[in-house]
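> Okay, handing you the structure first.
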Amino acid sequence: MSQKINYQSKIKDVLALPIGHDVLNRLFIQTGLPFFLLKNPLFLNTKIKTLMRLTKKQLPVSFYRTVVNLVNSTLEQPLEDQPPIVKAWWKEAVFYQIYPRSFMDINHDGIGDIQGIISKLDVLKDLGIDGLWLSPIYDSPNDDNGYDIRNYHEILADFGTMADVEELLVELKKRDMKIIMDLVVNHTSDEHPWFQAALAGDKEKQGYYFFRKQPNNWTSFFSGPAWKYFEELDLYALKLFSDKQFDLNWDNPQVRQEVADIVSFWLDKGIDGFRMDVINYISKAPGLPDGQEDIGKLIGFTGMEHYFYGPNLQTYLQELRRDVFKPYQAFSVGETPGIGMQLSKLLTGDYQQTMDLTFSFDHLETPGHVRFEDYEYDLEFYKYYMTENQKAFGNHYWMSLFVDNHDNPRFISKIDKYHRHRDVLAKAVNLILLTLRGTPFLYQGQEIGMTNNDFETMDELRDVESLNKYQELLDQGVSKDEAFQTVLSGTRDHARTPMQWNNQRFGGFSTTTPWLVGDQDLQSTNVDYQQKEPHSIYNFTKQLIALRKDSALVYGDVEFLHEKTKGLWVYKRTDETEEFLIEINLTATYQQRKVMNEDYELVLSNVRGQHPQLQPYQANLYRRLP
Ligand code: TEU
Ligand code: CA
């Protein structure tokens with residue numbers, strides 16, 4: 001059994017526990033402290049009490065007390081690795097995330113819709129996509145683009161009707177494609193009847209949320225305090241996100257029953273599972289204690305230690321899986337901000353029966369940097385992160401593989417801001433996602449190399465997070481221009497501009513001005529053009545997806561070579577029948593080759609012709625000759 005941590009414990013004891021491991025890694029990512037320290041014996045053998053003494057000026061005892069309590073809250077260890085891998089359709093699938101508002105607008109009102117999605121299913125099938133993840137399409141006042149749900153059983157009128165959804169399901173079945181929907185149940189919209197009843201004085205419905213006489217010091221992910229005051233009740237209600245998204249109290253069994261009903265309703269309709277929004281936030285520490293301020297400063301949000309891996313998280317999710325997911329054999333991927341490698345294993349181990357996959361986000365920024373910052377992402381860190389994770393995720397565990405989603409600027413733009421290498425880089429990134437071990441999730445536009453958008457003024461942005469952030473910066477005395485530049489670095493709207501289908505006005509998304517206007521290259525960054533162009537990002541990605549099917553790229557072992565060589569990433573994927581070798585130049589400069597080609601045939605490359613050195617971002621996929 002693991003030993004409890006106290007101030008006499010050493011760093012390595014902390015690291016040996018799952019929360020300890022993830023919290024320490026988070027600390028390193030947040031501060032940019034060099035990761036090699038975590039392998040340095042001197043550092044590993046340092047006692048917490050020594051650190052406390054050394055950092056006395058910077059960090060109060062309460063910081064260490066909070067961390068030690070947190071680490072002690074879960075002593076459970078993920079199971080050791082053991083063959084064989086249990087095979088599953090979702091381990092073999094390539095998923096594609098659709099942001100419905102920006103995918104395809106069939107009725108030309110400037111907003112994407114369900115009929116629009118149906119009209120493009122053949123394109124997705126052509127690309128080789130097996131499953132869709134739809135961002136929310138439920139009835140919503142749209143404060144956070146549908147992540148604020150008013151009615152879980154109705155479809156937002158902008159998107160269409162329930163009949164459209166049923167048609168979509170039929171069309172997907174015809175094409176042998178799966179679909180998962182977004183389950184947003186950490187919070188509801190303030191316009192949900194439960195919250196409305198609560199405001200009207202319904203005590204039972206007040207118990208669905210967190211109403212308090214006094215707020216605590218937690219802060220919202222969308223700026224400011226995590227509480228909103230309601231004069232009519234003289235009470236504050238908890239809202240970790242926008243002013244119109246109120247956190248549900250999962251400790252109330254009625255709430256858990258309501259969630260189970262929502263899940264059943266949709267599984268009955270015939271969907272294949274859910275992506276569960278901020279699902280790791282559902283269990284909050286009893287009494288909602290204040291957050292430790294220094295931790296708050298460090299990670300940018302106060303209070304998170306009290307709900308990112310709460311006391312009943314596993315129990316509530318296991319209950320939901322057993323009662324509702326299991327009977328339908330439904331698939332689940334949890335969106336889990338703040339969860340690192342070891343907690344991911346605790347949540348997804350196949351023996352654990354909690355959920356199938358997590359989306360962790362630790363790889364999206366270079367350590368020491370934050371999203372709202374203008375800097376160049378370092379692919380060397382992506383290699384480090386993925387290498388660690390791929391090694392740690394053995395047969396019981398499975399990773400999700402993604403870089404883009406609707407919450408982040410485009411990954412290729414973070415690496416190569418001026419898009420000097422857009423074509424090769426987009427292909428290299430897609431090659432990585434489709435050749436590592438795990439389930440790839442491509443985000444709309446990634447197959448054609450869509451980039452960040454050249455927004456010019458705040459008026460062009462729509463996202464509540466960006467608007468709040470801008471206001472917060474102005475309130476802090478930052479100039480308008482500087483505030484805009486900051487928002488521009490991190491705004492989620494970069495990824496939300498309309499999908500580009502052809503080179504017509506608005507990229508063929510709509511004939512009307514879209515709800516959010518994009519201003520990107522339309523000549524070659526569109527599906528029509530790239531489908532016809534043999535060497536396009538689209539066709540490269542399509543070839544990769546086809547190669548991956550039924551190959552060693554799915555279940556095969558992964559082995560890393562030349563790990564210490566900077567700027568280069570080399571790995572093998574092997575099973576009983578074949579071996580692939582992948583070689584990627586992670587930089588914009590030339591690199592020495594490490595792989596001798598005689599034993600391998602080149603299957604796919606993002607660079608044409610033979611060159612003595614690896615070209616910028618060159619990515620090659622080889623197969624071993626028989
Ligand atoms: O995102 C959760 C979340 O933590 C993000 O707000 C995160 O802080 C950032 O955007 C990611 O880099 C989920 C949804 O994906 C997001 O669209 C919603 O706004 C949010 O939950 C609230 O439902
Ligand atoms: Ca429309």
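> Quote to one decimal, in nm, the extra length available between residue 4 and residue 37 on full extension: 0.36 nm per residue of separation minus the C-alpha distance between them.
This chain segment gains 9.6 nm when fully extended.
> For a quick check: with amide H placed at 1.01 Å from N, whose amide H comes under 5 Å from residue 606's, ignoring anything fewer than 5 positions away on the same chain?
For residue 606, whose amide H was placed from the backbone, the distant partners under 5 Å are 619.
> If you don't mind, another one. Which value in deg cm²/dmol, rounded to the nearest 500, describes the helix-derived mean residue ellipticity at 222 nm for the chain, given -39,500 (n - 2.57) per DSSP H run of n ≥ 4 and division by the residue count?
-9000 deg cm²/dmol
> Which trypsin sites (Lys or Arg not before Pro) in segment 157-219 sit in a loop by DSSP (not H, G, I, E or B) and have at most 10 other Cβ atoms within 10 Å of their own Cβ?
Taking segment 157-219 and a limit of 10 other Cβ atoms within 10 Å, the loop trypsin sites (Lys or Arg not before Pro) found are 213.
> Cross-link list 57/480; 297/566; 174/269: which exceed 25 angstrom alpha carbon to alpha carbon?
57/480; 297/566, as the Cα separations exceed 25 Å there.
> Fully extended, how many nm does the chain gain between residue 88 and residue 564 (0.36 nm per residue separation, minus their Cα-Cα distance)?
168.0 nm
> How large is ³J(HN,Hα), in whole Hz, for each residue of segment 6-16 in order, when computed from phi with the Karplus curve 6.51 cos²θ - 1.76 cosθ + 1.60 and θ = phi - 60°, using x for Gly and Pro?
Going residue by residue, I get 9, 5, 7, 5, 9, 3, 5, 5, 5, 5, 6 Hz, with x marking Gly and Pro.
> Sticking with this structure for a sec: How many nm separate the modelled label positions at residue 322 and residue 126, each set 7 Å beyond the Cα in the direction of the Cβ?
According to this spin-label approximation, the distance is 4.8 nm.
> Send over the per residue convex hull volume for segment 413-457, Cα only, as a whole number of Å³.
Normalising the Cα hull of segment 413-457 by residue number yields 86 Å³.
> Moving to a separate point now. Might you report the magnitude of the Cβ-based charge dipole of the chain about its Cα centre, with Lys and Arg at +1 and Asp and Glu at -1, to the nearest 20 debye?
Computed charge dipole of the chain: roughly 2380 debye.
> What are the ³J(HN,Hα) couplings of segment 594-607, residue after residue, when phi is run through the Karplus curve with 6.51, -1.76, 1.60 and θ = phi - 60°? Round to Hz, x for glycine and proline.
So the J values, rounded to whole Hz, are 10, 8, 8, 7, 4, 7, 10, 9, 6, 9, 7, 8, 8, 10.
> When DSSP assigns beta bridges and you keep just the ones with both residues in the chain, what percent turn out antiparallel, to the nearest 5?
If we restrict to bridges inside the chain, about 60 percent are antiparallel.
> Amide H of residue 439: which non-local residues (sequence gap of 5 or more, or other chain) have their own amide H closer than 5 Å, using H built in the peptide plane?
399, 400, 401
> Continuing with the same structure: Given a cut-off of 48 Å, what percent of all Cα-Cα pairs of the chain lie beyond it?
10
> Further question: Measure out, as a whole number of angstrom, how far apart the alpha-carbon centroids of segment 42-75 and segment 465-515 sit.
41
> Would you mind checking which residues have amide H under 5 Å from residue 183's amide H? H placed 1.01 Å from N; only 5 or more apart, or other chain.
275, 276, 277
> Provide the per-residue ³J(HN,Hα) series for segment 558-563, in order, calculated from phi with Karplus coefficients 6.51, -1.76, 1.60 and θ = phi - 60°, each as a whole number of Hz, with x at glycine and proline positions.
10, 9, 9, 10, 6, 4
> In nm, to one decimal, how far is the residue 391 label point from the residue 597 one, both placed 7 Å along Cα→Cβ?
For residue 391 paired with residue 597, the spin-label model returns 3.0 nm.
> Hey, if you drop one equal point scatterer on each alpha-carbon of segment 55-116 and run the Debye formula without solvent, what base-10 log of I(q)/I(0) do you get at q = 0.15, 0.18, 0.21, 0.24 Å⁻¹?
At q = 0.15, 0.18, 0.21, 0.24 Å⁻¹ the computed log10 ratios are -0.74, -0.79, -0.93, -1.03.
> Here is a follow-up. State, in angstrom, two size descriptors of segment 378-442 derived from its alpha carbons: Rg to one decimal place and Dmax to the nearest whole number.
12.6, 41
> Something else now. Using 0.36 nm times the number of residues separating residue 475 and residue 376, minus their current alpha carbon distance, what extension gain do you get?
That pair, residue 475 and residue 376, stretches by 32.9 nm at full extension.
> Please report Rg over Rh for segment 121-166, where both radii come from the alpha carbon positions and Rh follows the Kirkwood definition.
1.08
Bear in mind that the values in this text are calculations on the coordinates, not laboratory data. Computed from a prediction, not measured in an experiment: that's the story for all the values here. So basically every Cβ, Gly included, is an ideal-geometry build from the backbone, and we count neighbours across all protein chains shown.
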